[in-house]
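Have a look at the structure below before the remarks.
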Amino acid sequence: MDFLLTPGTIVRHPGQPDWGLGRIQAVNGDSLAVNFEEVGRQIIRTRHVALEIVEPAMGYE
């Protein structure tokens with residue numbers, strides 16, 4: 001499923017619902033830079049957190 005975690009994808013952090021929705025800004029291995037509505041840019045390690053995809057990035061299919 002990591003192949004769906006591309007720049008532009010809208011995600012939600014299951015353990016931090018108060019962060020709001022986030023848009024993936026960059027991918028570097030298992031690290032994602034995600035800009036969340038309420039807390040700004042966060043670095044998420046996909047080996048530790050399984051982000052929920054809300055809307056796939058357009059044009060990356």
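The values are calculated or read from the model by the stated rules, or taken from the named source; none is laboratory data. Predicted, not measured: the structure shown is a model, and the values here were computed from it. Note that we place each Cβ from the backbone using ideal geometry, even for glycine, and neighbour counts take in every protein chain shown.
One table, with the values for the structure above:
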item	result
Answer from Phe3, Phe36 - the residue that is of a type in the set (Phe, Trp, Tyr) and crowded, with 16+ Cβ neighbours inside 10 Å	Phe36
From Leu5, Leu32, residue being under 10 Å from the mean Cα position of the chain (by Cα) and modelled with pLDDT under 95	Leu5
